[in-house]
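Peer 1: Can you read through this structure? Questions will come right after.
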Amino acid sequence: MSLLRSIAGGLRSLFRKEQVSQELDEELNGFLELAAEEKMKQGMSRNDALRAVCLERGNIEVTKEIVRAASWEFFLETLWQDLRYAARGLRRNPGFATVRFSLSPWHRRE
């Protein structure tokens with residue numbers, strides 16, 4: 001995938017989370033269906049095949065989180081949340097943040 005497509009897809013996923021989440025659901029469900037069809041070709045019933053695939057593949061929600069965490073958008077979103085949290089803490093107690101910063105070892109001048 002080209003860099004431009006990667007950036008465009010990443011920005012799309014940042015601003016259209018519901019749509020991207022729905023697409024991921026559809027893709028994973030399609031994958032599970034294909035795997036279940038393979039099991040049914042081996043002679044299993046549909047319910048047994050779906051159950052076997054779910055047991056082999058693990059929890060689908062965990063898979064979704066792994067897929068989301070592998071992207072640079074996840075890093076950007078986490079960074080944004082951390083910055084907002086830091087701003088709220090600084091706004092609530094600016095004196096503590098100032099004293100804490102002045103006492104940090106990398107800020108001292110000797």
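The values are calculated or read from the model by the stated rules, or taken from the named source; none is laboratory data. Because the structure is a prediction, the values reported are computed rather than measured. Using ideal geometry, Cβ is built from the backbone for each residue, glycine included, and neighbour counts are taken over all protein chains shown. Just the protein is used for accessible areas: all its heavy atoms, side chains included, with ligands, DNA and RNA removed. Shrake-Rupley method; radii C 1.70, N 1.55, O 1.52, S 1.80 Å.
Peer 1: Test of understanding: among W72, W80, which residue is in contact (Cβ under 8 Å) with a residue 60 or more places away in the chain and either surrounded by 11 or more Cβ atoms within 10 Å (Cβ to Cβ) or on the phi < 0 side of the Ramachandran plot (or both)?
Peer 2: Going through W72, W80 in turn, just one is in contact (Cβ under 8 Å) with a residue 60 or more places away in the chain and either surrounded by 11 or more Cβ atoms within 10 Å (Cβ to Cβ) or on the phi < 0 side of the Ramachandran plot (or both): W72.
Peer 1: Just checking: which of the helices (runs of 4 or more DSSP H) contained wholly in region 27-101 hold 2 or more residues that are within 26 Å of the chain's Cα centre (by Cα) and among the polar types (S, T, N, Q)?
Peer 2: So the answer is 72-92.
Peer 1: Still on this structure, I have one more. Could you count how many residues in region 16-41 are acidic (D, E) and either touching a residue at least 60 places away in the same chain (Cβ under 8 Å) or open to solvent by less than 60 Å² (accessible area, probe 1.4 Å) (or both)?
Peer 2: Qualifying residue count for the region: 1.
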